[in-house]
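The values are calculated or read from the model by the stated rules, or taken from the named source; none is laboratory data. Everything numeric in this text was worked out from a predicted model, so none of it was measured. Reconstructed Cβ throughout: ideal geometry from the backbone, glycine too, with neighbour counts over all protein chains shown.
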Amino acid sequence: MTTVTHAAANPIPSDQARRRRSTLIGFTAVLMWAVLALLTALSGSVPPFQLLAMTFAIATAIGVVASIARGSSPLTHLRQPWPVWATGVGGLFGYHFFYFLALRNAPAVEASLIAYLWPLLIVVFSALLPGERLRWFHVAGALLGLAGAGLLVTKGANLDFDDRYTLGYLAALACALIWSSYSIGSRRFGTVPTDAVGGFCAAAAILAVPCHLLFETTVWPANWVEWLAVLALGLGPVGGAFFTWDIGMKHGDIQALGAAAYAAPLLSTLILIAAGLAPLNGIVAASCLLIVTGAVLAANELLWRPRASTP
């Protein structure tokens, strides 16, 4: 008797299932970043670097608790080569440092749009990774996402780049390069456990303290709502999101996540609309169409995998 093995019995190989699962976990970071604007507004008048120190401290606590829950010492994950530390701390703290610098030295619209180049750069830079193929639909999807994000940020108005704000524009470009490099670097250091992100957050919190003391006046949250907003920021968009993004970058579909990252400003706008803080109009609808189409196009290999052949 001849035994026939049907490939359909195991339609999704384990590595493909892991890739999808990691991609979904990585996308939760995008969902968390969507509430960044709302929570920042609810946090009151806490200055940026002080807020960064507080939220990164909460993120550090997340890493410590997660390590202990898995029965390992948090200190074990700190023993990493210096390039890993340079990539991690440089990515987390460097991005926020240059983002704040950009907003101080350039109009928010132009600075934000330049900074939003990072998802496109992730898609393009992914071609440098071993085992990754950059296809036309990856780039096309990321460009559609960028167009949608640009429409949201500018609200359909013409951009006005001025030589007076060159420092701010360069800082915004540094943001895009730093975060895309950090994300690609996470893939290259794929054997480094995600728990190490807790150490990067601790270092970033420490670095934020002297920046706060040099450039800002301390302002503590004024009421329990603002304290809860700070806590939520540390648990979510400026804390917990870094851990889930690391998983997505290390083990997920990096091109799909890069393009899908443009959903963050769209979801953020929809949340503000739901909260009554922003209007719903045709620009939001057009942006939604561009960003969703771009994300689906970039993720088509993940969404519609080839059928397994049956011998």
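Any idea which of (1) in a helix (DSSP H, G or I); (2) among the polar types (S, T, N, Q); (3) without any contact (Cβ under 8 Å) to a residue 60 or more places away in the chain; (4) touching a Gly at 6+ places or on another chain (Cβ under 9 Å) is the one THR166 doesn't satisfy?
(4)
Kindly indicate which of ILE247, ILE254 is under 14 Å from the mean Cα position of the chain (by Cα), within 23 Å of SER14 (Cβ to Cβ), among the hydrophobic types (A, V, I, L, M, F, W, C) and modelled with pLDDT of 95 or more.
Criteria check complete, one pass: ILE247.
Do any residues in the range 251-280 that are without any contact (Cβ under 8 Å) to a residue 12 or more places away in the chain have Cβ atoms under 8 Å from those of residues that are assigned to a helix (DSSP H, G or I), where the two are at least six apart or on different chains, and which pairs are they?
Taking only residues 6 or more apart or on different chains, the pairs are ILE273/VAL284; ALA278/THR269; ALA278/LEU272; PRO279/ILE273; LEU280/ILE273.
From the list VAL292, VAL230, VAL219, VAL225, pick out the single residue that is closer than 30 Å to GLU132 by Cα and over 14 Å from the mean Cα position of the chain (by Cα).
VAL292
Across the range 1-27, which residue is modelled with the lowest pLDDT among those that are β-branched (Val, Ile, Thr) and in contact with a helix residue (DSSP H, G or I) (Cβ under 8 Å, 6 or more places away or on another chain)?
ILE12
Looking at VAL30 and the list (1) surrounded by 21 or more Cβ atoms within 10 Å (Cβ to Cβ); (2) modelled with pLDDT under 85, which single condition is not satisfied?
(2)
In this structure, is ALA17 without any contact (Cβ under 8 Å) to a residue 24 or more places away in the chain, among the hydrophobic types (A, V, I, L, M, F, W, C), surrounded by fewer than 18 Cβ atoms within 10 Å (Cβ to Cβ) and assigned to a helix (DSSP H, G or I)?
Answer is yes for this residue.
Does the range 247-281 hold any residues that are assigned to a loop (DSSP other than H, G, I, E, B) and either over 20 Å from ALA37 (Cα atoms) or out of contact with any Leu (no Cβ under 9 Å at 6 or more places or on another chain) (or both), and which are they? Let's see the steps before the verdict.
Step one: filter the range 247-281 for residues assigned to a loop (DSSP other than H, G, I, E, B), giving 252-253, 261-262, 275-281.
Those that are assigned to a loop (DSSP other than H, G, I, E, B) and either over 20 Å from ALA37 (Cα atoms) or out of contact with any Leu (no Cβ under 9 Å at 6 or more places or on another chain) (or both): GLY252, ASP253, ALA261, GLY276, PRO279, ASN281.
Checking SER45 against (1) farther than 24 Å from GLY190 by Cα; (2) in a helix (DSSP H, G or I); (3) out of contact with any helix residue (DSSP H, G or I) (no Cβ under 8 Å at 6 or more places or on another chain), which test does it fail?
Failed condition: (2).
Are any residues in the range 222-244 part of a loop (DSSP other than H, G, I, E, B) and of a type outside the set (Val, Ile, Thr), and if so, which ones?
Scanning the range 222-244 gives ALA222, ASN223, GLY236, PRO237, GLY239.
Looking at the range 148-172, which of its residues are surrounded by 17 or more Cβ atoms within 10 Å (Cβ to Cβ) and within 20 Å of TYR262 (Cβ to Cβ)?
GLY148, ALA149, GLY150, LEU151, LEU152, VAL153, ALA172, listed by residue number.
Show me the helices (runs of 4 or more DSSP H) found entirely inside the range 98-157 where at least 1 residues are without any contact (Cβ under 8 Å) to a residue 12 or more places away in the chain and either out of contact with any Asp or Glu (no Cβ under 6 Å at 6 or more places or on another chain) or within 20 Å of ALA34 (Cα to Cα) (or both). Please lay out each step first, then the result.
Details: elements: 108-115, 118-125, 136-154.
Filter on the range 98-157 gives 108-115, 136-154.
Taking the range 43-65 as the region of interest, how many residues are surrounded by fewer than 18 Cβ atoms within 10 Å (Cβ to Cβ) and either farther than 20 Å from PHE93 by Cβ or among the hydroxyl-bearing types (Ser, Thr, Tyr) (or both)?
3
Here are the criteria: (1) within 18 Å of the chain's Cα centre (by Cα); (2) polar (S, T, N, Q); (3) under 19 Å from PHE100 (Cα atoms). Tell me which single one THR166 does not satisfy.
Against the list (1) within 18 Å of the chain's Cα centre (by Cα); (2) polar (S, T, N, Q); (3) under 19 Å from PHE100 (Cα atoms), THR166 comes up short only on (1).
Out of VAL219, VAL192, which single residue is touching a Ser or Thr at 6+ places or on another chain (Cβ under 6 Å) and outside any helix (DSSP H, G or I)? Give the steps one after another, and end with the answer.
On the way: VAL192 fails: touching a Ser or Thr at 6+ places or on another chain (Cβ under 6 Å).
Of the residues listed, the single one that is touching a Ser or Thr at 6+ places or on another chain (Cβ under 6 Å) and outside any helix (DSSP H, G or I) is VAL219.
I'm trying to understand the selection: among the residues of the range 66-86, which are surrounded by 15 or more Cβ atoms within 10 Å (Cβ to Cβ) and not in a loop (DSSP other than H, G, I, E, B)?
Across the range 66-86, the qualifying residues are ALA66, SER67, PRO74, HIS77, LEU78, VAL84, TRP85.
Criterion first (surrounded by 17 or more Cβ atoms within 10 Å (Cβ to Cβ), touching a Leu at 6+ places or on another chain (Cβ under 6 Å) and modelled with pLDDT of 80 or more) does LEU290 satisfy it? Working first, answer last.
Working: surrounded by 17 or more Cβ atoms within 10 Å (Cβ to Cβ): yes; touching a Leu at 6+ places or on another chain (Cβ under 6 Å): yes; modelled with pLDDT of 80 or more: yes.
Answer is yes for this residue.
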